[in-house]
1. I need the phi-derived Karplus couplings for the stretch 312-328: 6.51 cos²θ - 1.76 cosθ + 1.60, θ = phi - 60°, integer Hz, Gly and Pro marked x.
2. I need the peptides 306-316, 136-146 ranked by packing, meaning the mean over residues of other C-beta atoms within 10 angstrom, with the highest value on top.
3. For ALA219, list long-range residues whose amide hydrogen, built 1.01 Å from N in the peptide plane, is under 5 Å from its own amide hydrogen.
4. Run the numbers for ARG361 and SER71: contour at 0.36 nm per residue of separation, minus the present Cα-Cα distance, in nm.
5. What part of the accessible area of the stretch 258-353, given as a whole %, is carbon or sulfur when the probe is 1.4 angstrom?
6. If I take R0 = 35 Å and measure r between the Cβ atoms of ASN269 and GLN233 in this structure, what FRET efficiency does the formula 1/(1 + (r/R0)^6) give, to the nearest 0.05?
7. Specify the inter-centroid distance of the stretch 297-319 and the stretch 261-289, based on alpha-carbon positions, in whole Å.
8. Considering amide H positions built from the backbone, and no H for Pro or chain starts, which residues 5 or more places from TRP139, or on another chain, come under 5 Å of its amide H?
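The values are calculated or read from the model by the stated rules, or taken from the named source; none is laboratory data. Nothing here was measured: the structure is a model prediction, and the numbers come from that model. Here the Cβ is made from the backbone with ideal geometry for all residues, glycine too, and neighbour counts use every protein chain on show. Surface accessibility is based on the protein's heavy atoms, side chains included, excluding ligands, DNA and RNA. Shrake-Rupley method; radii C 1.70, N 1.55, O 1.52, S 1.80 Å.
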Amino acid sequence: MYTVDKKRTKKILVFFLIMAMVSLFTILAYTLYLDSHTYEYNKEVTGTKISYKTEEEIVNETENIIETATSSVVGISKLKNNGTSIFLEDSISNLGLGTGVLVSENGYIVTNEHVSGEKYSNCYITLENGINYSGTVVWSDSYLDLSIIKINMKGLPYIKIGDSDKIKIGENVYAIGNPLGYEFQRTVTAGIISGTKRTIKIEEEDRNIYMEDLIQTDATINHGNSGGPLINQNGEMIGITSVKVTDVEGIGFAIPINTIKPIIEKYINEGNFEEAYLGVYGYDKEAIPYLDYSIRFESGIYVAEIDKTGPLKNTNIAEGDIIEKIDDYEITTMSQLKSYIYTKKPGDKVNLTVKRKEVERTIEVTLGNRL
């Protein structure tokens, strides 16, 4: 009896010893697995050698990215300066100094229309080296307050273009611009994305302008920054800075770069852009409360005005209708509608899904040519 109990006890001890070893091995293997994945985002692999980025290296990398982006930022003036640079004392008041950003090596520059002037007008560009060049506005849109300038130069540093549809609230961003002329050219301010799809009302002379689908940021934006890039941590431009709310601190706005990305790509790849024209002016549901609180709709564009000489003149689309889709693409802002039209050519046909008093219909439209 004693011998049997002794053998049983020995078996039990061996069993628990094996279980303990298995548990220890499992914990060790899991720990090694976690460690390998913890460093996955910061490791660089070259052949069989693995190195890890330190915090200092990450900071240096960010600094280099920002420094590279600033080299693509230019000064813009509507008046020509007598010297070699428009970055001079009192240049803002004397020359109307603003900011732009190179988007190609052969001299295409994106900025605000109120900085450059309208299509076909001339302005003067100062590059990072301080030399002046004459530029021509090849495209502009007053509604979006955006324009594209061309200078006859090649081999220029240009910014990487990001995807403004993928931005997230809280994401770190940097604004680059020329807020106070020569002494503060290419000033970099840091902040976060505070909001998206913002609509603001701007009173300009005898009319009200509603800017929609804006990116809100707390990165400092001052007079002279207009037309400069808003970049993410990868140095990619996700917006063009445009407006600062003067009543409060820490609220600035930028126009999403995706709005005119199709136009930029056409100029870079083809050297030309034929702009298709729909001939409709409308508001999204965020802007409507500024106009009429009684109007209610969930999504789409409220048609406020139609060009009676444009492509919609012989269609059954009227003021007060809601445009919900263009082709199979759902739209919620005018900038989305414009961005889609920018991918088309004059003469192309599109289908508009339009709602009137809860009744939907689809209307085919042939796009015109915006002169």
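1. Computed from phi, the couplings for the stretch 312-328 are 8, 4, 9, 9, 8, 10, 10, 4, x, 6, 10, 8, 9, 9, 10, 6, 9 Hz.
2. Put in order of decreasing packing, that is 136-146, 306-316.
3. ILE192
4. Details: separation 290, 0.36 × 290 = 104.40 nm, distance 5.03 nm.
In short, 99.4 nm is gained.
5. 43 percent
6. After rounding to 0.05, the efficiency reads 0.80.
7. Cα centroid to Cα centroid, the span is 16 Å.
8. Distant-sequence amide H within range of TRP139: TYR120, ILE148.
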